[in-house]
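J.: Would you mind keeping the following structure in view while I ask a few things?
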């Protein structure tokens, strides 16, 4: 992990930094998988991104647009949800390699 820390830190700064299109609190909630603060129309989509990204269709995106989200907002939330899911999987792998220790 140590050799990749700088890269992971830079990714996190990019995701949570001021350049995001969505509110930082919303991005953090999406990253953590806390969909209570996410627009209701986006919740099923974000779950799909986290669990079955290969199943996303044009209709999913069209539904989000119809609910009032812009393409930029959809992109922003998609990246954050995907990174959050991958981060959790990576963390679980590191814990497994350390024998379950944090």
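A short reminder: the numbers here are calculations on the coordinates, not readings from a lab. If you're wondering where the values come from, they're calculated on a predicted model, not measured in any experiment.
J.: What does region 9-65 give for Rg and for Dmax, in Å, if only its C-alpha atoms count?
T.: When restricted to Cα atoms, region 9-65 yields Rg and Dmax of 12.2, 34 Å.
J.: Please list log₁₀ I(q)/I(0) at q = 0.12, 0.16 Å⁻¹ for region 2-97, using the Debye equation with identical point scatterers on the alpha-carbon positions.
T.: Log10 I(q)/I(0), no solvent term: -0.39, -0.67.
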